[in-house]
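The structure under discussion appears below in the form of structure tokens.
The values are calculated or read from the model by the stated rules, or taken from the named source; none is laboratory data. What you are looking at is a predicted structure, and each value in this text was computed from that prediction instead of being measured. Note that we place each Cβ from the backbone using ideal geometry, even for glycine, and neighbour counts take in every protein chain shown. Side chains included, ligands, DNA and RNA excluded: accessible areas come from the protein's heavy atoms. Shrake-Rupley method; radii C 1.70, N 1.55, O 1.52, S 1.80 Å.
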Amino acid sequence: MERNNNDAEKPAKPSCCTRFRTSMRNFGHYMYNSETKEVMGRTGSSWAKILTFYLVFYSVFAGFWAICMVCFIKTLDPKVPTMLKMYSMMKDNPGMSFEPFFNGNQSTLIYFDPEIKATYQEFVDELQKIVETWENQTNDAMGSLNRNCTGGDGGGSTPDRACLFDMSFLKDTPCNLKNNFGYSNGTPCVMLRVNRVFDWDPNPVTLYKFPCTASNSADNPNCTKTLEFKNMSQSIRTDIYENYIGVSCQGENDADADNIIRVTFYPRQGFPAFFFPYLNQDGYTSPFVMAQFEVERGRVSMIQCKVWTRDIVHDLNDRQGSCHFELMVSNSSNSK
């Protein structure tokens, strides 16, 4: 059989060691060429030019960015938000928050057994931690920072000084550490607060003492204003205080309302209006209300609490002007 001349003339394939030595020789030649005195394909003058270019370019870029940041920061006030009222994210319509609430669990359910301390101890600890934090803030703010607005000085919070929130009322209520905030008795206390919205100045609801009827509502402007709040909770209508922001808690559905036996508020059923507006004052402490619930045991109750002013809007989906949580007190006698 005749041999193929092309196969005979094909050179031998270099070995791996030969290829490696060749690659390293080429790489070293690229890093430094002794003949042309080039480093990585560029002479010293070429490297000097390109480094000078990038140094000037990034210096100008960094300086431009720094000037923009300084100009932007100068437009911001450390205490006053840029967007206020209807231009803000909150639309000048605050929501409410409640405690105990654990962000880690992301659960709005308050479930415990009053006969088993381990099931409610974390709720008691969380409330006590918040109360102690509030007390420390109040003690730090006493004196020149804040003012006692309950002493008849004729004013509320000012842009420079906020009103002191006196928490001494807790010692005369079931909502304190001594009473385990009511959890050991199956009547838990829930802390309610109005979320801080800068410069929100609430317009408290005023209920007039004369009756509103179909015959006088058209002629009396005060009566007409009262009729605007016909959907207000009946408890708010009867227990509202002058210059207070009313608060109410009720079941979201008829079945939930039937599960709620009684709700008691401490110190009053609302927030004093003189704590507002919030203007980022030093030492400002948000007022809170303790709501103590007595509910049917062994049933889950979906509860919605609302804050009431003339201009607030309630939205269950967005939690505007309200907060939602579930409450269930275990019935130990049925579980055994």
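Using the Cβ-Cβ distance between Thr133 and Asp258 with R0 set to 35 Å, the FRET efficiency from 1/(1 + (r/R0)^6) comes to roughly 0.45.
Legend: residues Leu84, Leu316, sorted from most to least accessible area (1.4 Å probe; ligands, DNA and RNA excluded), read Leu316, Leu84. Stokes-Einstein diffusion of the stretch 49-90 at 4 °C, 1.567 mPa s viscosity, Kirkwood radius from Cα pairs, rounded to a whole number: 99 µm²/s.
If you sort Ser97, Ser322 by accessible surface, 1.4 Å probe, largest first, the order is Ser97, Ser322.
Give me the extension gain from Arg21 to Met69: residue separation times 0.36 nm, minus the current Cα-Cα distance, reported in nm with one decimal.
Gain in length upon complete extension: 11.9 nm.
For the listed residue pairs Lys13/Lys37; Lys129/Lys306; Lys117/Lys178; Lys178/Lys306; Lys171/Lys306, the alpha carbons are over 23 angstrom apart in Lys13/Lys37; Lys129/Lys306; Lys178/Lys306; Lys171/Lys306.
Remark: accessible surface ordering of Arg262, Arg19 (largest first) is Arg262, Arg19, probe radius 1.4 Å. Neighbours of Leu177 by Cβ distance under 13 Å: Lys/Arg scored +1, Asp/Glu scored -1, total -1. Heavy atoms of the protein chains alone define the surface here; on that basis the stretch 7-71 has 90 Å² accessible area per residue at 1.4 Å probe size. Electrostatic tally near Trp200: other residues with Cβ closer than 12 Å to its Cβ, Lys and Arg +1, Asp and Glu -1, net -1.
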